[in-house]
Each structure stands twice: as structure tokens, then as C-alpha cells.
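The values are calculated or read from the model by the stated rules, or taken from the named source; none is laboratory data. Just so we're clear, the structure is a prediction, and the values are computed from it rather than from any experiment. Positions of Cβ are generated from backbone atoms using ideal geometry, with glycine treated the same way; all protein chains shown enter the neighbour counts.
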Amino acid sequence: MKKTSLLIAIAIMVFSLLFTSCGPSKKLLDSEARVNKLQKENAEKISKIDELDKQVADLNKDKSFLQNENFVINNNLKSLSTDSKITIADQAKRLKNLQNMIQTQKDVMSKLKNLISEALMNFKADEIYVDIKDGKVYVSLEEKLLFKSGSAVVDTKGKEALKSLAKVLNSTKDITVMIEGHTDDVPIKTKQFEDNWALSTARANTILRLLTKEYGFDSKCITASGRGEFHPVKTNETKEGRSSNRRTEVILSPDLKELNKLLYE
């Protein structure tokens, strides 16, 4: 009986020791788990803090960059505003000068037209027509005033008209003259002229030589061309229309050197 009681007591002591040793082991594991969890959470928080610090640093850089950009933009705007004011003022002045020059050219050509009309007033309206088109003075001389049909020799009456015209031209500065010969569309073929183009060119050259060699107009300021039947002013279907198309035009243009200089400077 005593032996049995002793064994029971020993067994109780062993179980007690076993239970006593199991208790601290579990608590230790739980503590380690909590520590690991806290360390992990702490690492995540530190990582987030670092990320936030980086974002703050980036924002500060962006702020500094934007401030610099804003400074540069404001300076550029001020400079542009100043330059624009100067440019606008210069352009306004240039435009005014251009308008004044154009108006002066118009006045000169209008005066020239009136002078020519007065100089040629003794000739009939169906022989000479003076007009302004596209800023140029057109003096249209009909064939019946200048030439016989199919001829490039100027008649006496035609020479009188050209002499009167030359007096006005010689007294007018800064103009250029273009002589253009025109015909109707009736074909011509003679020993002297192969076609209407040849005839119109010959007539223009004849008038050019009269104005320069006989009446003293500056040869450097005059040219001549023949345009044949290709630029009619009226229909070639009627006798009156064909008569109007058989003409020689003396086209007077103002000297545009100063105007061009102002436009392209």
C-alpha cells in the first residue's frame, strides 16, 4: 500500500512537471508570434513613411521647378508684351505710310489721266479712250486712228496723237510705259506678216520707236509686245466688236520701287 502510494505520488510529480514545462513554452511561442507581427507591421509603417517622405521631397522639387517655370514665363510674357507693343506701333506706322504712298500713287495716276485726256481732246471718242484700271492709265488707240488695215505704218493723224501723248509722258516723272498691240480674230497672212501676232507686235514696236526716237521718251522706261487676237475687249462676232479689238494700248504704270521697298523691308 505504501509502495502504491509512493508510485502515485511520483506519477503526480512527473505529470506536474510536464504540465509545468508545457505552459511556459506556449506563452513563449505566442510572444514570439506577436513580436514578429509587430516587427512586420513596424517595417510596413517605416516603408510607408519613407515613401511619403520621398513624395514630399518630389513635391518640393516640383514646387521649386514650377516656381522657376512661372518666373521664366512671367518674364517672357513681359518681354513679349513689350515687343508686341513696339511691333504693333511699328506696323501701324508702316501701314499708315503704305496707305499714304498708295493714295499718292492713285492721285498721280488720276492727274496723269486728266492731263492725257486734255492733251488728246481734239481726237474723237471712238478713236482714243483713256481709263484707269488696276492703278494704271490705259490709253487705247483704235486702228483707224493709227494704221491702215494690215499695215504697221502709222498715219499722219496717228503721229499727231502720239506726239501729244509724248509731251505729257516726257513731263511726268517715275512712270514706265508698255505698248501692247492687239488685233481681231480674222486671220492674216501676207508677205510681211505671217499672222495677227506678228502684225500686233510690229505695230507696238513702231509706236515704241516713234515715242523714243522721234518724240524723246526715255528708252529705258518703255517696252513693247504683241498680243494678237488673244485679249479682246469686245466680241469678235460683230463688226463693231472687231473694230474695238483692233487697237494699240499705251499702258502707263507708276514707279513702284518705293512702294515695294516699304512692303518688303
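In this entry, residue 234 passes the filter for residues that are part of a loop (DSSP other than H, G, I, E, B), free of Cβ contacts under 8 Å to residues at least 24 places away in the same chain and either outside the structural domain of residue 156 (by TED's automatic domain parsing) or exposed (fewer than 15 other Cβ atoms within 10 Å of the Cβ) (or both).
Checking every residue in region 221-229 against the condition of being without any contact (Cβ under 8 Å) to a residue 40 or more places away in the chain and either in the same structural domain as residue 131 (by TED's automatic domain parsing) or charged (D, E, K, R) (or both) gives zero matches.
Restricting attention to region 85-134, the residues that are charged (D, E, K, R) and in a strand (DSSP E or B) total 2.
One line per residue, one yes/no per condition, for (1) part of a helix (DSSP H, G or I); (2) in contact with a Ser or Thr (Cβ under 7 Å, 6 or more places away or on another chain); (3) surrounded by fewer than 21 Cβ atoms within 10 Å (Cβ to Cβ):
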| position | (1), (2), (3) |
| --- | --- |
| 162 | yes, no, no |
| 177 | no, no, no |
| 183 | no, yes, no |
| 187 | no, no, yes |
| 192 | no, no, yes |
| 209 | yes, no, yes |
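Scanning region 159-205 for residues that are among the small types (Gly, Ala, Ser) and modelled with pLDDT under 95 yields a total of 1. Whether a residue is closer than 22 Å to residue 129 by Cα, small (Gly, Ala, Ser) and modelled with pLDDT of 95 or more was assessed, and residue 225 passes this test.
β-branched (Val, Ile, Thr), in contact with a strand residue (DSSP E or B) (Cβ under 7 Å, 6 or more places away or on another chain) and under 22 Å from residue 107 (Cα atoms), is that true of residue 250? Yes: the conditions hold for residue 250.
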